[in-house]
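Undergrad: Questions regarding the structure given below will be posed in turn.
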Amino acid sequence: MQLNLTKPIVFFDLETTGVQVGHDHIVEICLLKVFPDGSKETLVQRVRPADADGKTVHIPEHTTAIHGITDADVADKPTFKELAGKLLEYIGDADLAGYNSNKFDVPLLVEEFLRAGVDFDLSCRHCVDVQNIFHQMEQRTLVAAYRFYCDKDLENAHSAAADTEATYEVLCAQLDRYAGVSYKDRAGRVSQPVVNDMGALSRFTANSQWADLVGHIGYDKDGREIFNFGKHKGKSVEEVFAQEPSYYDWMMKSDFPLSTKKLIASIWERRRRNKLNALKEHFGGK
């Protein structure tokens, strides 16, 4: 089935130094851009992982054992900061898709752009996580998904190019398999969510309980941001900041992802504005 697109969508996969969004770096990125007419183009780029000062970050041996990329393989490659403009231009206004992308690839891509001084905007994009469709409808892995949906064995698993192409093929096969198939969510609501529409797929695969990209901040039943970790887990972020302002300072100085810090900074600023407006209304009424 050809994807029903109103604008391009970029399927992408990352190979990295590790799995901590706020700490680790991209060492290889593959971008498969699919256009509304069904045509495709691919960009594969290895990246020299580097810290804020441009110093090379070591790729741990246990990570190399998974994807096969060593320090020597990327020693002469550009850093993400050097590639940011090229990647931003290539992606353009496209939607994004990947396998386990909402939990890892999208947050880490945004993190790398922020480290490079680029505010990569997700508000105008649909993000489709093919793994979430699979897990909610069948609940298995990419290798199994490829065999299950496409009746093929995935060669070179954990190669960014192979994984990206497989993810694209799996989504197309999912759209065929689940056309008209009903799904019941945990609340008992029944729908037919797997349709050839990137907005609908984005909503189906999104984690609606997360306020930030990695799940440190969530939402309560009233839609307020709450902490999902630590001593204030379950408490309102604004209320904690009001009662313990030092917690905001601690978070901003700690090793949280920049995207999480960006969110809590906006909550802090919103609280400051609301407090200021309340004071103006109070004194203006005297």
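Undergrad: Would you list the helices (runs of 4 or more DSSP H) that sit entirely within region 181-286 and hold 2 or more residues that are at pLDDT 95 or above and under 30 Å from GLN2 (Cα atoms)? Before you say what the answer is, go through the steps one by one.
TA: Values: elements: 198-205, 237-243, 245-253, 258-284.
Output list reads 198-205.
Yes or no, residue by residue, for (1) under 18 Å from LEU31 (Cβ atoms); (2) exposed (fewer than 14 other Cβ atoms within 10 Å of the Cβ); (3) out of contact with any Cys (no Cβ under 8 Å at 6 or more places or on another chain):
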{"residue": "ASP51", "(1), (2), (3)": "no, yes, yes"}
{"residue": "THR63", "(1), (2), (3)": "no, no, yes"}
{"residue": "GLY68", "(1), (2), (3)": "no, yes, yes"}
{"residue": "SER101", "(1), (2), (3)": "yes, no, no"}
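Okay, residues lined up against (1) part of a loop (DSSP other than H, G, I, E, B); (2) within 30 Å of PRO193 (Cβ to Cβ); (3) of a type in the set (Val, Ile, Thr):
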| position | (1), (2), (3) |
| --- | --- |
| GLY38 | yes, yes, no |
| HIS62 | no, no, no |
| ASP73 | no, no, no |
| LEU96 | no, yes, no |
| LEU108 | no, yes, no |
| GLY117 | yes, no, no |
| PHE120 | yes, yes, no |
| ILE133 | no, yes, yes |
| GLN136 | no, yes, no |
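Undergrad: Only residues in region 249-274 that are closer than 13 Å to VAL237 by Cα count as the first member; pair them with residues that are among the β-branched types (Val, Ile, Thr) and in a helix (DSSP H, G or I), Cβ under 6 angstrom, at least 6 apart or cross-chain, and list the lot.
TA: MET251/ILE264; ILE267/VAL237
Undergrad: Let me ask something else about it. What number of residues within region 139-181 are more than 22 Å from the chain's Cα centre (by Cα) and among the acidic types (Asp, Glu)?
TA: 4
Undergrad: Additional query: If you check LEU43 against the conditions, is it within 30 Å of GLN174 (Cβ to Cβ) and in contact with a helix residue (DSSP H, G or I) (Cβ under 6 Å, 6 or more places away or on another chain)? Give the steps one after another, and end with the answer.
TA: On the way: within 30 Å of GLN174 (Cβ to Cβ): yes; in contact with a helix residue (DSSP H, G or I) (Cβ under 6 Å, 6 or more places away or on another chain): yes.
So LEU43 fits the description; yes.
Undergrad: Just one of the numbered conditions (1) surrounded by fewer than 22 Cβ atoms within 10 Å (Cβ to Cβ); (2) part of a helix (DSSP H, G or I); (3) not acidic (Asp, Glu) is not true of ALA145; which one?
TA: Tallying (1) surrounded by fewer than 22 Cβ atoms within 10 Å (Cβ to Cβ); (2) part of a helix (DSSP H, G or I); (3) not acidic (Asp, Glu), ALA145 fails exactly one: (1).
Undergrad: If you take the residues in region 160-190 that are closer than 14 Å to GLY98 by Cα and hydroxyl-bearing (Ser, Thr, Tyr), which one is surrounded by the most Cβ atoms within 10 Å (Cβ to Cβ)?
TA: THR167
Undergrad: Step by step: first the residues of region 7-39, then only those that are free of Cβ contacts under 8 Å to residues at least 40 places away in the same chain and of a type outside the set (Ser, Thr, Tyr), then the one that is nearest to ALA116 (Cα to Cα). Which residue is that?
TA: Among them, the one singled out is GLN20.
Each row is one residue, and each column tells you yes or no for (1) within 25 Å of LEU263 (Cβ to Cβ); (2) modelled with pLDDT under 95; (3) in contact with a helix residue (DSSP H, G or I) (Cβ under 8 Å, 6 or more places away or on another chain).
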| site | (1), (2), (3) |
| --- | --- |
| LEU3 | no, no, yes |
| PRO8 | no, no, no |
| THR16 | yes, no, yes |
| HIS25 | yes, no, yes |
| GLU28 | no, no, yes |
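Undergrad: Of all residues being in contact with a strand residue (DSSP E or B) (Cβ under 8 Å, 6 or more places away or on another chain) and in a loop (DSSP other than H, G, I, E, B) in region 1-34, which is surrounded by the fewest Cβ atoms within 10 Å (Cβ to Cβ)? Just the residue, please.
TA: LYS7
Undergrad: Of the numbered conditions (1) modelled with pLDDT under 95; (2) over 30 Å from ASP53 (Cβ atoms), VAL128 fails exactly one; give the number of that condition.
TA: Of everything listed in (1) modelled with pLDDT under 95; (2) over 30 Å from ASP53 (Cβ atoms), VAL128 misses just condition (1).
Undergrad: I'd like to know if region 201-222 contains one or more residues that are of a type in the set (A, V, I, L, M) and surrounded by fewer than 12 Cβ atoms within 10 Å (Cβ to Cβ). Working first, answer last.
TA: Quick first cut of region 201-222, residues of a type in the set (A, V, I, L, M) only: 201, 206, 211, 213-214, 217.
Still in the list and also surrounded by fewer than 12 Cβ atoms within 10 Å (Cβ to Cβ): none.
No.
Undergrad: Can you tell me which residue is nearest to VAL143 (Cα to Cα) among those in region 75-94 that are in a helix (DSSP H, G or I) and among the small types (Gly, Ala, Ser)?
TA: Out of the qualifying residues, it is ALA84.
The values are calculated or read from the model by the stated rules, or taken from the named source; none is laboratory data. Just so you know, these numbers come straight off a predicted model, no measurement behind them. Backbone-built Cβ (ideal geometry, glycine too); neighbour counts: all protein chains shown.
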